[in-house]
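Each value in this text was obtained by applying a stated rule to the coordinates, not by laboratory testing. In this text, all values refer to a predicted model and were calculated from it rather than measured experimentally. Neighbour counts run over all protein chains shown; Cβ positions are idealised from the backbone, glycine included.
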C-alpha cells in the first residue's frame, strides 16, 4: 500500500494536453530526518529551453515556502541547464556532493517549520 503524501509526491507537468515532464519531492518532510525535502524534476527534450522548468520549480517552491519547508536539490556537476534553473530558484549554497557525485545545493536563509501529520501515514 502506498503512503498518502498529499501534495508532497510527484506531479505531472502538462502543456497542450501533453505530459512534458514531472516535478515533486523524493519524500514528504515528516519522513525526512531533518524535515527538509529534496526536489526532483525532469522535462522531455522538446520542452527544454522554453522556461517551463523554471516556471514549474518557482511555483512548487512558492508552495513550500508558504508552509515553511526547507528544500535541497542534488544535480550532476555536468548538468548545466539544471544548475542554471536551480540558481534562478535560489539554490546558491553548495553543501558538497552525495555518494553518487551529485552536487547538493540548498537555499540559504530558509528554515523548516512543518510538523509531522497526526495519525497513520499508510
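Summary table
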quantity: Proxy reagent accessibility, fewest Cβ within 10 Å first, across 32, 38; calculated: 38, 32
quantity: Förster-model FRET efficiency, 30 Å R0, residue 81 and residue 31, C-beta, rounded to 0.05; calculated: 0.55
quantity: Taking 55, 99 and counting other C-beta atoms within 10 Å, the order from fewest to most; calculated: 99, 55
quantity: Theoretical FRET efficiency, 1/(1+(r/R0)^6), r = Cβ-Cβ of residue 59 and residue 98, R0 25 Å, to 0.05; calculated: 0.45
quantity: Pairwise label distance in nanometres, residue 48 with residue 17, each label 7 Å out on the Cα-Cβ vector; calculated: 2.8 nm
quantity: Which label in (i) 1.08; (ii) 1.14; (iii) 1.00 gives the computed Cα Rg over 2.2 N^0.38 Å; calculated: (i)
